[in-house]
Amino acid sequence: MIEGARWKKWIWFYMPLGAFIVGLLFPFYWMVITTLRPDGELYRPWNHPQYSPFWTWNPTLDHVKSLLQETLFNQWMWNTMLIAMVATLISLFCGVIAGYALARLRFRWAGLLGTAIFVTYLVPQTLLFIPLAEIIRDYRIGDTPWALILTYPTFLIPFCTWLMMGYFKAIPKELEECARIDGAARWQAMVYIILPIAVPGILSAGIFAFTLSWNEFIYALVFLSSPEQKTVPVGVTSELIRGDVFFWGSLMAGALIGSIPVAIVYSFFVEHYVAGMTGSVKG
Amino acid sequence: MAKVLLRDLNKKFDATHVVKDVNLEIHDHEFVVLVGPSGCGKTTTLRMVAGLEDITSGEISIDGRVVNDLAPMDRDIAMVFQNYALYPHMSVYQNMSFGLRMRKFEKPEIDKRVREAAEILGIQPLLERRPRQLSGGQRQRVALGRAIVRNPRVFLFDEPLSNLDAALRVQMRVELKRLHDRLETTAIYVTHDQVEAMTLGDRVVVMKDGVIQQQGAPLELYERPANRFVAGFIGSPAMNFVGVTLEWTDHALWARAPGVRVQVPAHKAEVLRQHSGKRVTLGVRPEALRIANGAEAPGSTFEATVDVVEPLGSEILLNVRAGESAIVARVDPATRVNPHESVRLAFDPAKVHFFDAATEASL
């Protein structure tokens, strides 16, 4: 019977789990293997006798070198980092304050306003970039980091506001009332009591906002044009695909290195992040 | 040390009128308990005193100063919440000192007060712990400590014991009473538990549907309830109510219900005679009933059939049926009766209440 149970556990638990992990990690494996594979192997046709797409015996760092030396990849990394950080900070600041107001202050149209903010989040970027392009042009900030720093909050603020609103609502309002009776003004109650408790939520919102800005493609593609202003996703795809020639090795190297900062951010805050998603405040 | 005055206090949430013309004077050092079923407006009243709810109309003053438009922090009050509302990211010490830090007290003074309060409550060993590391009773003590370090003019308690288990609640009730005797701070305490109200309050205010039904010393409410609601709410098990018709025959007033006929005691008869022929509600507490021993006056006993016997050790609760009415009697623990047996119950004529059937006011 116990043997049977173990057998069942393999079928119903370990094998699906294994398939899931393989499915999730395979793209990363593919990026790594393509980055390290020499060009000669990369462009070998499938019916070649030594065709082995999943492994290489001749790893090389040529693609990484060419990425770092022949393109402006370092500049792109720096641009992306700067834009993502500033846009995240702006959005987090606005999102925390707006989320608090919507969750706590009783004012007319609070519910409606909350819904309206959410609806703006639902407007697709593929639609919104057209009017935004006009505005960018009018203010003459096209082809500068400001074009993205100021437009990313259009989808980051609604996102942060909603996430924070939910989080603030989960914090018992008695905590704040007690603080106000204890002698704190409303803003002091927020700064000393609510914000410290909301740190996991703020971190989650920040990580999400950072990832969204880091990966953002369409605004970056439209609003930036000179190579030295580009972000990683746009830079890699526009400079390493020339006409119909794909520099697969360098493309994958760019994608791989470009995903490292996000991975670091995630792993660094993972505990808080999970706490933020489950959204519990234990008294 | 303060006197709190509520005058014509009203509160409306949109269309719902939750507190209606409440007038209440709370004296210095007094411990007043607001009690009533949920939704009776007691908590809203307390929150208005705290400044957490706006006042729709009326006036609240503390020590003669109208506080209607004063922020909670400026009213010099302290409040203990039902869920304790301890700040989860702070240690017990930080929790207790928060109010003093906000009010810019000197460090040594803060330290002195926190340690004094901790000693009174017996929580000195817990000062460095976080709220999540404490048991329910300990959290309750910390919440109390946070209130007393401030040395406020008024304590407000919002059902502070209802999250504790039964044994702990009894213990904390005694501690609260001892604490109040020691600190002598004016206190307003909200609860739905009439036992807490009776044991803690110098004065008990019974509320229902936003209206004060009666206020007075605990025993006064118990012995002379102003209406049927108060009579039924105070006392456990609750008072028995029987709808009766009054009849004047044989130079005496009789109360009749199907299967029951008892004589109205002489001291009540004079007042009630004018209601002769009408329906009124008779109320008698379970503890005013006993098994008849044959020596009673003929009009003060009635026949009943035992339905359920609940032996509690110190007493026995008899659920009986008399005619169409279900009645609970609290009888001597030595009594031996079985379900479906017939018993004759006697009542103490001095402890019978009558209420108007329509207005429910005491007659």
Single residue of A:Pro145, A:Pro158 found to be in contact (Cβ under 8 Å) with a residue 24 or more places away in the chain and within 17 Å of A:Cys94 (Cβ to Cβ): A:Pro158
Where a residue in the stretch A:161-180 is facing another protein chain (nearest Cβ under 9 Å) and closer than 26 Å to A:Ala209 by Cβ and its partner, wherever it lies, is assigned to a helix (DSSP H, G or I) and small (Gly, Ala, Ser), with Cβ under 6 Å and at least six apart: A:Glu176/A:Ala189
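Taking the conditions exactly as written (open to solvent by less than 10 Å² (accessible area, probe 1.4 Å), in contact (Cβ under 8 Å) with a residue 12 or more places away in the chain, under 15 Å from A:Phe73 (Cα atoms) and within 17 Å of the chain's Cα centre (by Cα)), does A:Gly249 satisfy them or not? Quick ask: steps written out before the conclusion?
Details: open to solvent by less than 10 Å² (accessible area, probe 1.4 Å): yes; in contact (Cβ under 8 Å) with a residue 12 or more places away in the chain: yes; under 15 Å from A:Phe73 (Cα atoms): yes; within 17 Å of the chain's Cα centre (by Cα): no.
It is false that A:Gly249 is open to solvent by less than 10 Å² (accessible area, probe 1.4 Å), in contact (Cβ under 8 Å) with a residue 12 or more places away in the chain, under 15 Å from A:Phe73 (Cα atoms) and within 17 Å of the chain's Cα centre (by Cα).
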Selection within the stretch B:249-262 - under 32 Å from the mean Cα position of the chain (by Cα) and over 19 Å from B:Ala357 (Cβ atoms): none
Please give the number of the condition A:Phe107 fails out of (1) at pLDDT 90 or above; (2) over 19 Å from A:Ser204 (Cα atoms); (3) open to solvent by 30 Å² or more (accessible area, probe 1.4 Å). (1)
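I'd like to verify a number: residues in the stretch B:240-268 that are part of a strand (DSSP E or B) and among the acidic types (Asp, Glu), how many?
Residues of the stretch B:240-268 that are part of a strand (DSSP E or B), as a first pass: B:240-249, B:252-257, B:260-263.
Restricting the remaining residues to those that are among the acidic types (Asp, Glu) gives B:247.
Matching residues across the stretch B:240-268 total 1.
Quick one: would you say A:Ile241 is more than 14 Å from A:Tyr100 (Cβ to Cβ), free of Cβ contacts under 8 Å to residues at least 60 places away in the same chain, more than 14 Å from chain B (Cβ to nearest Cβ) and open to solvent by 30 Å² or more (accessible area, probe 1.4 Å)?
Working: more than 14 Å from A:Tyr100 (Cβ to Cβ): yes; free of Cβ contacts under 8 Å to residues at least 60 places away in the same chain: yes; more than 14 Å from chain B (Cβ to nearest Cβ): yes; open to solvent by 30 Å² or more (accessible area, probe 1.4 Å): yes.
Criteria met by A:Ile241.
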When the stretch A:214-226 is examined, which residues are found to be farther than 19 Å from A:Leu127 by Cβ and open to solvent by less than 50 Å² (accessible area, probe 1.4 Å)? A:Trp214, A:Leu224, A:Ser226
Output yes when any residue across the stretch B:241-263 is open to solvent by less than 50 Å² (accessible area, probe 1.4 Å) and either touching a Cys at 6+ places or on another chain (Cβ under 9 Å) or within 28 Å of B:Ser162 (Cβ to Cβ) (or both), and no when none is. no
Could you list, in sequence order, all residues of the stretch B:123-137 that are under 24 Å from B:Arg182 (Cβ atoms) and open to solvent by less than 50 Å² (accessible area, probe 1.4 Å)? B:Ile123, B:Leu126, B:Leu127, B:Leu134, B:Gly136, B:Gly137
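If the requirement is being touching a helix residue (DSSP H, G or I) at 6+ places or on another chain (Cβ under 9 Å) and open to solvent by less than 60 Å² (accessible area, probe 1.4 Å), which of these qualifies: B:Phe347, B:Phe302? Before the answer, list the steps.
Numbers: B:Phe302 fails: touching a helix residue (DSSP H, G or I) at 6+ places or on another chain (Cβ under 9 Å).
The match here is B:Phe347.
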Quickly run through the stretch A:195-208 and pick out the residues that are within 12 Å of chain B (Cβ to nearest Cβ) and in a helix (DSSP H, G or I). A:Leu195, A:Pro196, A:Ile197, A:Val199, A:Pro200
Looking at (1) more than 13 Å from the chain's Cα centre (by Cα); (2) within 28 Å of B:Ser91 (Cα to Cα); (3) in a helix (DSSP H, G or I), which one does A:Trp162 not meet, given that it meets all the others? (2)
All but one of (1) more than 22 Å from A:Trp187 (Cβ to Cβ); (2) open to solvent by 20 Å² or more (accessible area, probe 1.4 Å) hold for A:Ala101; state the number of the condition that does not hold. (1)
List the number of the failed condition for A:Tyr192; all other conditions in (1) more than 14 Å from chain B (Cβ to nearest Cβ); (2) at pLDDT 90 or above hold. (1)
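Tell me the helices (runs of 4 or more DSSP H) entirely within the stretch B:51-151 that contain at least 2 residues that are among the acidic types (Asp, Glu), more than 13 Å from chain A (Cβ to nearest Cβ) and touching a helix residue (DSSP H, G or I) at 6+ places or on another chain (Cβ under 9 Å).
In the stretch B:51-151, B:107-121 are the helices (runs of 4 or more DSSP H) which contain 2 or more residues that are among the acidic types (Asp, Glu), more than 13 Å from chain A (Cβ to nearest Cβ) and touching a helix residue (DSSP H, G or I) at 6+ places or on another chain (Cβ under 9 Å).
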Return yes or no: is B:Leu52 surrounded by fewer than 24 Cβ atoms within 10 Å (Cβ to Cβ) and under 24 Å from B:Lys12 (Cβ atoms)? yes
For the stretch B:78-116 the number of residues that are surrounded by 21 or more Cβ atoms within 10 Å (Cβ to Cβ) and farther than 27 Å from B:Met48 by Cβ is 3
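Are there strands (runs of 3 or more DSSP E) fully within the stretch B:1-42 with at least 3 residues that are open to solvent by 70 Å² or more (accessible area, probe 1.4 Å) and either out of contact with any Phe, Trp or Tyr (no Cβ under 9 Å at 6 or more places or on another chain) or farther than 17 Å from B:Asp202 by Cβ (or both)? List them.
Values: elements: B:4-13, B:16-26, B:31-35.
Result: B:4-13, B:16-26.
From the list B:Arg279, B:Arg273, B:Arg285, exactly one residue is surrounded by 16 or more Cβ atoms within 10 Å (Cβ to Cβ) and among the charged types (D, E, K, R). Which is it? If you could, list the steps in order and put the result at the bottom.
On the way: B:Arg279 fails: surrounded by 16 or more Cβ atoms within 10 Å (Cβ to Cβ); B:Arg273 fails: surrounded by 16 or more Cβ atoms within 10 Å (Cβ to Cβ).
Matching residue, one of B:Arg279, B:Arg273, B:Arg285: B:Arg285.
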Kindly establish whether A:Leu156 is buried (at least 18 other Cβ atoms within 10 Å of the Cβ), within 23 Å of the chain's Cα centre (by Cα) and of a type outside the set (Asp, Glu). yes
Quick check: is even one residue across the stretch B:164-171 more than 9 Å from chain A (Cβ to nearest Cβ), open to solvent by less than 50 Å² (accessible area, probe 1.4 Å) and in contact with a helix residue (DSSP H, G or I) (Cβ under 6 Å, 6 or more places away or on another chain)? yes
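Quick one: would you say B:Glu310 is free of Cβ contacts under 8 Å to residues at least 40 places away in the same chain, more than 31 Å from the chain's Cα centre (by Cα) and open to solvent by 70 Å² or more (accessible area, probe 1.4 Å)?
Working: free of Cβ contacts under 8 Å to residues at least 40 places away in the same chain: yes; more than 31 Å from the chain's Cα centre (by Cα): no; open to solvent by 70 Å² or more (accessible area, probe 1.4 Å): yes.
Spelling it out, it is not the case that B:Glu310 is free of Cβ contacts under 8 Å to residues at least 40 places away in the same chain, more than 31 Å from the chain's Cα centre (by Cα) and open to solvent by 70 Å² or more (accessible area, probe 1.4 Å).
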Would you point out which residue out of A:Val199, A:Val222, A:Val232 is of a type in the set (A, V, I, L, M, F, W, C) and at pLDDT below 90? A:Val199
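Of a type in the set (D, E, K, R), surrounded by fewer than 17 Cβ atoms within 10 Å (Cβ to Cβ) and closer than 29 Å to B:Gln214 by Cα, is that true of B:Arg330? Talk me through it step by step, then tell me what you get.
On the way: of a type in the set (D, E, K, R): yes; surrounded by fewer than 17 Cβ atoms within 10 Å (Cβ to Cβ): no; closer than 29 Å to B:Gln214 by Cα: yes.
No, not satisfied.
The values are calculated or read from the model by the stated rules, or taken from the named source; none is laboratory data. Since the structure is predicted, the reported quantities are computational estimates derived from the model, not experimental observations. Virtual Cβ from ideal backbone geometry, glycine too; neighbours counted across all protein chains shown. Areas reflect the complete protein model, heavy atoms only, side chains present, ligands, DNA and RNA absent. Shrake-Rupley method; radii C 1.70, N 1.55, O 1.52, S 1.80 Å.
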